[in-house]
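Taking it in order: structure first as C-alpha cells, then the write-up.
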Amino acid sequence: MTTQTRKIWVVEKAGTFENFKQELEELPPPPPNHVRIKVKCIGLNYADIFLVLGLYSATPEGKLIPGFEFSGVVESVGDDISEDWLGKRVYGISRFGSYATYINVPITYVKKTPNDWTDQQACAYPAQTLTVYYALEELGRLKPNHNVLVHSAAGGCGLAALSILSKKSAKVVGTVGTSSKLDLLNQKYGENPNFTFILREPAKDFENRARQALLKIDEEDSFDIVLDSVMGDWFWPNYELLKSEGKLIVYGSASFTPTGNLHPIWNIIHWIKLGWKYIWRPTIDPMQIVKDNKTISGFNLIHLYEKQERMNQLFEQLQALELEPPSKINEFEFDQAVEALTHFKSGKTVGKNVLSVQH
Ligand SMILES: NC(=O)c1ccc[n+]([C@@H]2O[C@H](COP(=O)([O-])OP(=O)(O)OC[C@H]3O[C@@H](n4cnc5c(N)ncnc54)[C@H](OP(=O)(O)O)[C@@H]3O)[C@@H](O)[C@H]2O)c1
C-alpha cells in the first residue's frame, strides 16, 4: 500500500478565516482496522465556524483539520479489514479531520450509503441527525404527543429534528430568524396539524408568542422538551416555557456568533460585543431548578464519539425510523470552504451546507 497525496483545510492559528488555509500533504496507508476513503462530500457543522474562530471549547491544541462527517468511496483497507469494502460507497463520522480529499477512518465509524441516497445526502446525515436524536430520545425521553420547541428549525439540526418528531407524533413549535425560512417550513410541513412555526425575534415577547403558537396546535401552552441551540436572550424564556418535569436541552450557542468581518484588528468592536455577551451569559441557581421541578441538560456529540458501541446503537435506532435523507442541501466546491463557512456564519442558510470534492 502506498501513501496518498491529499488536499486538506487547516486551522493554523484559530481566530480568523485568514488563518484557515488549504495545504497538500501525504496520507500514510490506513493502519489496522481503518479504511482509506476517497472523499466525495464533507458535511459542514456550525461548530466548524466556532473552531476556526477559536470559540470551540472542545478544540484540541495545535494545527487542526476541522470536520466531523464525510461521504465517499473506500479506496484501500488496513490489515484485518475485508477487501469486500473496496469500492463501497460509505459515509461516517470523524473526530475532526474530514476537510480533506482522502481520510483514514476506523471502520467502526463507517456506514454503507443507502443505494438511493446521493453522496451529498449521506454526508449531511450523521452528525446533526445523531445530535438531535440523542437530545430528544436520550436526554429528553421523548414520548408520543410531547410538546417540543425547536430553535433554528430550518437549519441542519432543525430539519433533522422535525424529521424525527414527525415520526413520533409530537406537537412542535419551530423558531427561525427570518421570514423567508418560515415560508420554506410552511411549504414542507404546512399540512401537518402538529407543527407550527414562528419568528424568534424579538426576545422580549418570545415566551408569550411561543405559548400562543402552541395553543394553536394543542390545549396546553407549555413544553415537555425545549431544544436550545441559540442560548443568550432566549435561555430564560426557554426555561420558563417548560412544564413541571420539562427538559431544557442546551446543545449550541448560535447567538454568540460574531457578525461582520472578523479580522481582530479591524473589528475589535465585534469581539467587544462578544465579550459583553459572554460576561452577561445566563446563569442559574440550582435551588431554582429543584423548586421548579425542571431539568437542564447540556451535551456535545464529541463525547459520544468515544463511546462507539452506544453511538452505533443510536445509529441503528435511527435506521429503524426510516427517515428520509436530508432534502435541503447547499453545495460548495472543496476549494470554497472559506466562502461556505462565511455564508453559513451569516445565519441565513437553510438546511445543510456541504463541500463536494472533484477528483
Ligand atoms: N452539541 C453538539 O454536539 C452539537 C452538534 C451539532 C450542532 N450543534 C449546534 O446546533 C446548532 C445548529 O447547528 P447546525 O450545524 O444545524 O447549524 P444551522 O442551524 O444550520 O445554522 C445555525 C443557525 O443558527 C441561527 N442563529 C442564531 N443566532 C445566530 C447568529 N447570531 N448568527 C448566525 N446564526 C444564528 C441561524 O438560524 P435562525 O436564525 O433561522 O434560527 C443559523 O442558520 C448550532 O448552535 C450548533 O453549534 C451542537
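Here are some notes:
- Residue in the range 54-61 that is touching a Gly at 6+ places or on another chain (Cβ under 7 Å), in the same structural domain as P106 (by the TED database), in contact (Cβ under 8 Å) with a residue 24 or more places away in the chain and within 13 Å of the ligand (Cβ to nearest atom) present: no
- The listed residue being loosely packed, with under 15 Cβ neighbours inside 10 Å and on the phi > 0 side of the Ramachandran plot, out of N293, N312: N293
- Tally, over the range 323-339, of residues that are touching a residue at least 24 places away in the same chain (Cβ under 8 Å) and either more than 12 Å from the ligand (Cβ to nearest atom) or of a type in the set (F, W, Y) (or both): 11
- Test result for T129, surrounded by 18 or more Cβ atoms within 10 Å (Cβ to Cβ), touching a residue at least 40 places away in the same chain (Cβ under 8 Å) and under 21 Å from Y305 (Cα atoms): yes
- Qualifying residue in the range 86-103 (condition: assigned to a helix (DSSP H, G or I) and modelled with pLDDT of 95 or more): no
- Number of positions in the range 154-178 that are under 17 Å from E201 (Cα atoms) and more than 10 Å from the ligand (Cβ to nearest atom): 1
- Residues (hydrophobic (A, V, I, L, M, F, W, C) and more than 11 Å from the ligand (Cβ to nearest atom)) located in the range 124-138: L136
- The range 287-332: number of residues that are under 21 Å from S229 (Cα atoms) and more than 20 Å from the chain's Cα centre (by Cα): 3
- From the options N147, N186, residue that is crowded, with 20+ Cβ neighbours inside 10 Å and within 23 Å of the chain's Cα centre (by Cα): N147
- I296 in contact (Cβ under 8 Å) with a residue 40 or more places away in the chain and either out of contact with any Ser or Thr (no Cβ under 6 Å at 6 or more places or on another chain) or among the acidic types (D, E) (or both): yes
- Residue within the range 198-205 that is among the aliphatic types (A, V, I, L, M), in contact with an Asp or Glu (Cβ under 8 Å, 6 or more places away or on another chain) and either without any contact (Cβ under 8 Å) to a residue 60 or more places away in the chain or in the same structural domain as E324 (by the TED database) (or both) present: yes
- The listed residues are G232, G174, G252, and the only one of them that is under 19 Å from the mean Cα position of the chain (by Cα), without any contact (Cβ under 8 Å) to a residue 60 or more places away in the chain and closer than 25 Å to G275 by Cα turns out to be G232.
The values are calculated or read from the model by the stated rules, or taken from the named source; none is laboratory data. Computed from a prediction, not measured in an experiment: that's the story for all the values here. Neighbour counts are summed over all protein chains in view; Cβ atoms, including those assigned to glycine, are modelled from backbone coordinates with ideal geometry.
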